[in-house]
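Bear in mind that the values in this text are calculations on the coordinates, not laboratory data. Because the structure is predicted, anything quoted here is derived from the model rather than measured. Cβ coordinates were reconstructed from backbone atoms using ideal geometry, including for glycine residues, and neighbour counts include every protein chain displayed.
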Amino acid sequence: MGVQENLAKIKGEIDSISKQCGREGKVKLVAVSKFHPASSVSEAAEAGQILFGENRVQEASEKFDEVAKKFPAARLHIIGHLQRNKVKEAVRIASCIQSVDRAEIIDEIEKRCAETGKEIEILFEYHTGEESKSGFENDDEIRAALEKFSEGKYPHIKPRGFMTMAPFTEDESAIRASFKKLRELSISMQSEFPQFDLNELSMGMSGDFKIAIEEGSTMVRVGTAIFGERKN
Ligand SMILES: *Cc1c(COP(=O)(O)O)cnc(C)c1O
């Protein structure tokens, strides 16, 4: 099947699962196009897909400068671990950085945004499963970062919620537990920081997005099921 058929199928599945759990229209789809060419991104964009996710800044900027010319409505989220020296370019090309996994990177994002006057959204990546390598492991570090937001230290950045990767396992209960952990974090942070909208929960990939939606995902990041296997 081609990209457009896959996309239609995934959207249909998202709709029916979210309907089943009374969350119709609440789940956005991020099409993860890493390792796939700009032509595949364009195919998805032609079918109406607006939101894309990429792991690597270098690869993303080569691709998305081209895509943006044809599809100005397309938006890019960075979803992979971000090195400090890539922040400037990430801020130029993305509307959201989902993979904010340490406090110091927020300072760098603010600095780079301030240089150009750009505003950007971020999600805090949270470590909820044993096998995921990155993400905040400690609620207090996220709390401390949100306190700095409260003090107005990051005027160009909007904190919008949380992101996680479930462990790679067949054990559904371990996956579900990981997503539950993210939802619980978001509920407690939202109550501590009511001045922010921390309602985005980016969780669920090709293999586990159904469970993620049942557990409250507002944003699923699907690559393989749309674009096919990656040749990396
Ligand atoms: C690659 C990747 C995805 C998409 O994974 P698939 O299994 O191909 O759907 C989602 N999130 C992150 C952070 C990724 O790196």
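Once amide H atoms are built 1.01 Å from N in the peptide plane, which residues 5 or more positions from Val32, or in another chain, come under 5 Å H to H?
Distant-sequence amide H within range of Val32: Gly53, Val222, Gly223.
Given the Cα-Cα distance of Arg102 and Lys153 and 0.36 nm per residue of separation, how much length would full extension add, in nm? Provide the component values of the computation, followed by the final result.
Working: separation 51, 0.36 × 51 = 18.36 nm, distance 1.60 nm.
16.8 nm is the gain from fully extending Arg102 to Lys153.
For a quick check: with amide H placed at 1.01 Å from N, whose amide H comes under 5 Å from Glu125's, ignoring anything fewer than 5 positions away on the same chain?
Answer set, sorted by chain and number: Val100, Asp101, Phe136, Met163.
Counting every Cα pair in the stretch 1-132, what percent are over 17 Å apart?
Beyond 17 Å sits 62 percent of the P(r) for the stretch 1-132.
One quarter of the convex hull surface, Cα atoms only: what value does that give for the stretch 17-62 in nm²? Please report the intermediate quantities before stating the final value.
Values: hull surface 15.7 nm².
Taking a quarter of the hull surface, the average projection is 3.9 nm².
Determine the gain in length on full extension of the stretch Asp15-Ala177; use 0.36 nm per residue of separation and subtract their C-alpha separation, reporting nm with one decimal.
Stretched fully, the Asp15-Ala177 segment lengthens by 56.0 nm.
Give me the Å³ per residue figure for the convex hull around the C-alpha atoms of the stretch 105-232.
Working: hull volume 16.5 nm³, N = 128.
Dividing the Cα hull volume of the stretch 105-232 by its residues yields 129 Å³.
Near Lys88, which lysines are there with a Cα under 29 Å away, not counting those fewer than 8 places off in the same chain?
Once the sequence-local lysines are set aside, what remains near Lys88 is Lys28, Lys34, Lys63, Lys69, Lys70, Lys111, Lys118, Lys133, Lys148, Lys153, Lys158, Lys231.
Show me, for the stretch 50-57, the HN-Hα J-couplings you get by feeding each phi into the Karplus relation (A = 6.51, B = -1.76, C = 1.60, θ = phi - 60°), rounded to Hz, glycine and proline as x.
10, 9, 10, x, 9, 8, 10, 5
How high is the FRET efficiency from Ala47 to Arg84, r the C-beta distance, R0 35 Å, rounded to 0.05?
Once the sixth-power term is evaluated, E becomes 0.45.
Assigning unit charges at the beta carbon (Lys, Arg +1; Asp, Glu -1) and nothing else, what dipole magnitude in debye, to the nearest 20, does the stretch 5-137 show about its Cα centre? If you can, show how the numbers build up before the last one.
Working: 21 positive and 24 negative charges, 57 e Å.
Computed charge dipole of the stretch 5-137: roughly 280 debye.
Give me a comma-separated list of calculated 3J(HN,Hα) values for the stretch 214-221, in order, Karplus coefficients 6.51, -1.76, 1.60 applied at θ = phi - 60°, integers in Hz, x for any Gly or Pro.
Couplings: 4, 8, x, 4, 10, 8, 9, 10 Hz.
Which whole-number percentage describes the relative contact order of the chain, with Cα contacts under 8 Å and a sequence gap of 6 or more?
Across the chain, relative contact order equals 21 percent.
Using C-alpha positions alone, give me the convex hull volume of the chain per residue in cubic angstrom.
123
What are the GluC sites (Glu not before Pro) within the stretch 74-122 that DSSP puts in a loop, where the Cβ has at most 14 other Cβ atoms within 10 Å?
Filter output for the stretch 74-122: Glu119.
Which loop GluC sites (Glu not before Pro) in the stretch 1-76, with loop taken from DSSP, have no more than 16 other Cβ atoms within 10 angstrom of their Cβ?
Passing both the DSSP loop test and the Cβ count: Glu24.
Rounded to whole Hz and in sequence order, give me ³J(HN,Hα) for the stretch 137-153 from the Karplus expression 6.51 cos²θ - 1.76 cosθ + 1.60, θ = phi - 60°, writing x for Gly and Pro.
Once rounded to whole Hz, the list reads 9, 10, 4, 5, 5, 5, 4, 5, 5, 5, 5, 5, 4, 4, 7, x, 6.
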